[in-house]
1. Restricting attention to segment 3-41, and to residues there that are of a type in the set (Gly, Ala, Ser) and in contact (Cβ under 8 Å) with a residue 60 or more places away in the chain, which single residue is farthest from Met92 (Cα to Cα)?
2. Among the numbered criteria (1) closer than 16 Å to Glu15 by Cβ; (2) open to solvent by 40 Å² or more (accessible area, probe 1.4 Å); (3) polar (S, T, N, Q), which one does Gln107 miss?
3. Does segment 83-100 contain at least one residue that is closer than 16 Å to Val17 by Cα, exposed (fewer than 15 other Cβ atoms within 10 Å of the Cβ) and not charged (D, E, K, R)?
4. Condition test on Gly54, is it within 30 Å of Pro95 (Cβ to Cβ) and either open to solvent by less than 40 Å² (accessible area, probe 1.4 Å) or in contact with a Gly (Cβ under 8 Å, 6 or more places away or on another chain) (or both)?
5. Here are some conditions: (1) open to solvent by 60 Å² or more (accessible area, probe 1.4 Å); (2) within 22 Å of Gly128 (Cα to Cα). Ala78 meets all but one. Which one does it not meet?
6. Answer yes or no: is there a residue in segment 85-101 that is under 19 Å from Ala5 (Cα atoms) and either of a type in the set (A, V, I, L, M, F, W, C) or at pLDDT 95 or above (or both).
Amino acid sequence: MSQQANIAAQTAFAEAVITGNLDALDEIVTPDSIDHDPAPGQVPGPEGYKAMFGELRAAFPDLHVEVEHLVATGDELAFAYIITGTHLGPLMGQPATGKKVRYRGMQISRFNSDGKLVERWGSSDELGMLRQLGLAAM
């Protein structure tokens, strides 16, 4: 696939997460897609991403992801992003705090020849997010 096709697929993935239309991930992610940095209990494929992002969106209904920097190769994309949102629902067993968060992350996505996500590596500042919510010690 071309770099532009992979960027379009990643953009569609982000749009599904931001809008909450997580069923769209069925068309973007292969059934056996591997997340090398999964959430606890996350299963492979679209179902794993739906569960993970569903929980995140329930905790942060105004979730927004802003891509700051993007690098594309033939079948991979790497990007740095900022996540923002307001903690209005339960997160990891903790009740809503009503606090706003802003934290950074990075991700590498690999796509197959059909333009579907087959692998993901990612890291976000979850400790920073928990500290902003008052759920982790400084």
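The values are calculated or read from the model by the stated rules, or taken from the named source; none is laboratory data. What you see is a predicted model, and the numbers here were worked out from it, not measured in a lab. Glycine also receives a Cβ, built like all others from the backbone with ideal geometry; neighbour counts cover every protein chain displayed. Protein only, heavy atoms only, side chains kept; ligands, DNA and RNA dropped before computing areas. Shrake-Rupley method; radii C 1.70, N 1.55, O 1.52, S 1.80 Å.
1. First pass over segment 3-41, keeping only residues of a type in the set (Gly, Ala, Ser): 5, 8-9, 12, 14, 16, 20, 24, 33, 39, 41.
Still in the list and also in contact (Cβ under 8 Å) with a residue 60 or more places away in the chain: 5, 8-9, 33.
Numbers: Ala5: 35, Ala8: 31, Ala9: 29, Ser33: 24 Å.
Among them, the one singled out is Ala5.
2. With (1) closer than 16 Å to Glu15 by Cβ; (2) open to solvent by 40 Å² or more (accessible area, probe 1.4 Å); (3) polar (S, T, N, Q) applied to Gln107, the lone miss is (2).
3. yes
4. Details: within 30 Å of Pro95 (Cβ to Cβ): yes; either open to solvent by less than 40 Å² (accessible area, probe 1.4 Å) or in contact with a Gly (Cβ under 8 Å, 6 or more places away or on another chain) (or both): yes.
Here the answer is yes, as Gly54 does meet what is asked.
5. (1)
6. Taking segment 85-101 first, the residues under 19 Å from Ala5 (Cα atoms) are none.
No, segment 85-101 contains no residue that is under 19 Å from Ala5 (Cα atoms) and either of a type in the set (A, V, I, L, M, F, W, C) or at pLDDT 95 or above (or both).
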